[in-house]
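Visitor: Dropping the structure in here first, questions after.
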Amino acid sequence: MVGLPARGKTYISQKVCRYLTWLGIKTKVFNVGNCRRELCGAQQDNSFFDPNNLSGQKQRKEAANMTLQQMLQWYDEEDGVVGIYDATNSTLERRKWLHDTLTAQDIQVFFIESICEDEALVSANIKDVKLSSPDYKNMDPDMAVSDFQARIAQYTSQYQTIVEQDYSYIKLINVGSQVIVNMVKGYLESRIVYYLMNLHIRGRKIYMSRHGESMYNLEGKLGGDADLSPRGRMYANLLPVIVKEKLGGKELMVWTSTLKRTIQTSEHLPYLKQHRKALDELDAGVCDGLTYEQVEERYPEDFARRDDDKFNYRYRGGESYRDVVNRLEPIIMDLERQEDILIVAHQAIIRCLYGYFMNYNQEDLPYIKIPLHTLIELTPKAYYCEEKFYKADIPAVCTHRPKPTERRPPINTQAVLGSGGEVPSPLLPPSVLTSATTISAPSSS
Ligand SMILES: O=P(O)(O)OC[C@H]1O[C@@](CO)(OP(=O)(O)O)[C@@H](O)[C@@H]1O
C-alpha cells in the first residue's frame, strides 16, 4: 500500500484480503502501525513522526523492517500467496527498499496507492476510523482529530506519489473517481485491479433472503425447480411489507435466481428485478430431487465424503461449494458496485455471499445457518459488516444440517415443521435467531 494516513489504505487492504481469501487464495495483511505500537508504544506525540527526528525515523524503520520480516517468514513457512504490506510507503526510498527486498526473494510486487484530495472525505475517515485507534484511546475527540491532522502534515512534507515507471502499480484517486494503472502483470494483479475499480464507499444496505418455503423443502428434497408452498406464498406476500418498513421510500435493486421459487418470492416486490442464472442453487447433480436419507442410502460413500469436506465435495454431475464460490465471483464484483440491493436466492448461494461479507472460512461456510422466511440486512462499515436478521412470523421447515461433530443422535430424520417461524428440531443446535426481530403478517395477507 502507498498513501498518506487516513486515505483508506487499511480499508482497501482488508477488502482485498477478504476477497482473495474468499476465492481460496491465501492472503494476509501485515500492518506496520500495529508493529510500531508494539515496539514503541501506542501514544507517541507528533514529534515522533517528524521526518527530522532521527530517533523516531530509526524506530519507524525498525517497525517497517520487522513487519517485512514477518511477511517473508509467512511466505516461507506458511505458503502464503498474497501478503498485503499496509503502511504509508510514501517515499521513493522506502518503495525501492521494499521492491528490491521482495523481488530478491522472487516475490512479485504490486503497489496500490490511494490519493485523496477531498478534505471532507479525509476528515470523515479520521472521525470514523482513527479515533477508535489505540493511538487515541481516552483522548478528547477534537484534540485527537487535530493531532492526527498534524501527523498527516508531517508525512505530507516528505510524500512522493508513485512515479516509478518500471514498477507495477495502481493509483486510486479520490476513491476511484480516477484510476491510473501501470505495468499490470498476470491474472492475479488484473483481478485485484478490476476489484478495486468496483469499490465504492457510499453507505448502503445489502439485503438477502432465501425464497419462501418450497414444496421440495416440505418434502426434504434437494434442488429441483418446485413452486412455493402455501406458507412460502405467505412469505412472498409479507416480504414487500418487511422491506418497505426497513427501506422507507428508497429505491432498491432486486436480484433473484432463474428458479421458480425465488421468482415467486419476489413477485410482489415493487422494484426493478433481474433474474440471474449465477444465483441458481448449488447443483446437486445425480442427487437432485432426492432427500438426504435417499442420498445416504444410494450414494453412501459420497454422503460420507461430503460430511468429511463439505466445501470441496462435488456432487456427481453437479457442483461443490468451491465451484459455487467461483461462479459467484462476478456477482461479488457487481455487488460491490451496487447501492441498496436485495438478493432472493437459495441456502447454498446465500451462505457463499453472506460468508464473503462476514469473512467466514471455507470449512464453516457450508454450515452457516440461513433460515427460511428471514430477511438478512448487512450494513458494510469500514472494517466489518453490521448484520441484522428479521424473522417473519410464518412457520417453515428447517433445512439446516449441522456439522457432523455437532449432530445429536437422530430422533427424527424428516424435515421438521415449525410452529411460529423456523423452529429448530431436536437435531439442530440453538437457533442463531434468538435475538432477531419477528415480523407478523398483516391481517389482510
Ligand atoms: O449444502 P446443503 O447444506 O446440502 O444445502 C443446499 C441445499 O439447500 C436446499 C434446501 O435443502 O436449498 P433450497 O431451499 O434453495 O432448495 C437444497 O436445494 C440444496 O441442495
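Visitor: May I ask you to say which residue of Ser123, Ser157 is modelled with pLDDT of 85 or more, surrounded by 12 or more Cβ atoms within 10 Å (Cβ to Cβ), under 16 Å from Leu4 (Cα atoms) and out of contact with any strand residue (DSSP E or B) (no Cβ under 7 Å at 6 or more places or on another chain)?
Guide: Testing whether each residue is modelled with pLDDT of 85 or more, surrounded by 12 or more Cβ atoms within 10 Å (Cβ to Cβ), under 16 Å from Leu4 (Cα atoms) and out of contact with any strand residue (DSSP E or B) (no Cβ under 7 Å at 6 or more places or on another chain) leaves just Ser123.
Visitor: Please specify each residue of the range 381-409 satisfying the condition of being buried (at least 17 other Cβ atoms within 10 Å of the Cβ) and of a type outside the set (A, V, I, L, M, F, W, C).
Guide: Tyr390, Lys391, Pro395, Thr399, His400
Visitor: Here's a check for you: in the range 267-289, which residue that is aliphatic (A, V, I, L, M) and either without any contact (Cβ under 8 Å) to a residue 12 or more places away in the chain or within 16 Å of the ligand (Cβ to nearest atom) (or both) is surrounded by the fewest Cβ atoms within 10 Å (Cβ to Cβ)?
Guide: Restricting to residues being aliphatic (A, V, I, L, M) and either without any contact (Cβ under 8 Å) to a residue 12 or more places away in the chain or within 16 Å of the ligand (Cβ to nearest atom) (or both), the top hit is Val286.
Visitor: Looking only at the range 240-260, filter to residues that are in contact with an Asp or Glu (Cβ under 9 Å, 6 or more places away or on another chain) and assigned to a helix (DSSP H, G or I); which one of those is surrounded by the most Cβ atoms within 10 Å (Cβ to Cβ)?
Guide: Per the stated criteria, the residue is Lys246.
Visitor: Which residues, taken from the range 129-162, are without any contact (Cβ under 8 Å) to a residue 40 or more places away in the chain and either in contact with a Phe, Trp or Tyr (Cβ under 6 Å, 6 or more places away or on another chain) or within 30 Å of Met183 (Cβ to Cβ) (or both)?
Guide: The one that is without any contact (Cβ under 8 Å) to a residue 40 or more places away in the chain and either in contact with a Phe, Trp or Tyr (Cβ under 6 Å, 6 or more places away or on another chain) or within 30 Å of Met183 (Cβ to Cβ) (or both): Ala144.
Visitor: Give me a count of the residues in the range 126-138 that are of a type in the set (A, V, I, L, M, F, W, C) and either in a helix (DSSP H, G or I) or modelled with pLDDT of 85 or more (or both).
Guide: Of the residues in that region, 2 qualify.
Visitor: I would also like to ask the following. Quick one: Ala226 ticks every box in (1) part of a loop (DSSP other than H, G, I, E, B); (2) more than 10 Å from the ligand (Cβ to nearest atom) bar one, so which box is it?
Guide: Looking at each condition in turn, Ala226 falls short on (2).
Visitor: Among the residues in the range 36-46, are any under 24 Å from Ser132 (Cβ atoms), surrounded by 19 or more Cβ atoms within 10 Å (Cβ to Cβ) and modelled with pLDDT under 95?
Guide: yes
Visitor: Which condition from (1) closer than 28 Å to Glu164 by Cβ; (2) in contact (Cβ under 8 Å) with a residue 40 or more places away in the chain is the one that Ile126 breaks?
Guide: Single failed check for Ile126: (1).
Visitor: Across the range 202-220, which residue is farthest from Tyr11 (Cα to Cα) among those that are assigned to a loop (DSSP other than H, G, I, E, B) and out of contact with any Pro (no Cβ under 9 Å at 6 or more places or on another chain)?
Guide: Gly220
Visitor: For the condition among the polar types (S, T, N, Q), away from the ligand (no atom under 16 Å from the Cβ) and in the same structural domain as Ile331 (by TED's automatic domain parsing), what is the one hit in Asn217, Asn237, Asn174?
Guide: One residue alone meets the criteria, Asn237.
Visitor: Can you tell me which residue in the range 290-307 is farthest from the ligand (Cβ to nearest atom), limited to those that are touching a residue at least 40 places away in the same chain (Cβ under 8 Å) and either in contact with a Ser or Thr (Cβ under 8 Å, 6 or more places away or on another chain) or of a type outside the set (Val, Ile, Thr) (or both)?
Guide: Applying the filter and picking the extreme gives Glu293.
Visitor: Sticking with this structure for a sec: In the range 339-371, what residues are more than 22 Å from Lys277 (Cα to Cα) and either near the ligand (Cβ under 9 Å from one of its atoms) or hydrophobic (A, V, I, L, M, F, W, C) (or both)?
Guide: Of everything in the range 339-371, those that are more than 22 Å from Lys277 (Cα to Cα) and either near the ligand (Cβ under 9 Å from one of its atoms) or hydrophobic (A, V, I, L, M, F, W, C) (or both) turn out to be Met358, Tyr367, Ile368.
Visitor: All but one of (1) more than 23 Å from the chain's Cα centre (by Cα); (2) assigned to a helix (DSSP H, G or I) hold for Glu117; state the number of the condition that does not hold.
Guide: Against the list (1) more than 23 Å from the chain's Cα centre (by Cα); (2) assigned to a helix (DSSP H, G or I), Glu117 comes up short only on (2).
Visitor: State which residue is farthest from the ligand (Cβ to nearest atom) when the search covers only the range 195-214 and only residues that are at pLDDT 95 or above and small (Gly, Ala, Ser).
Guide: Residue satisfying both the conditions and the ranking: Ser209.
Visitor: Test Val193 against the stated conditions and say whether it is over 18 Å from Ile84 (Cβ atoms) and of a type outside the set (Gly, Ala, Ser).
Guide: It is false that Val193 is over 18 Å from Ile84 (Cβ atoms) and of a type outside the set (Gly, Ala, Ser).
Visitor: Quick one: Gln264 ticks every box in (1) out of contact with any Gly (no Cβ under 6 Å at 6 or more places or on another chain); (2) surrounded by fewer than 18 Cβ atoms within 10 Å (Cβ to Cβ) except a single one, so which number is it?
Guide: (2)
Visitor: Restricting to the range 272-289, count the residues that are part of a loop (DSSP other than H, G, I, E, B) and among the basic types (Lys, Arg).
Guide: So the count comes out to 1.
The values are calculated or read from the model by the stated rules, or taken from the named source; none is laboratory data. Since this is a predicted model, take the numbers as computed values, not measurements. Don't worry about glycine lacking a Cβ; one is built from the backbone with ideal geometry, like all the others, and counts go over all protein chains shown.
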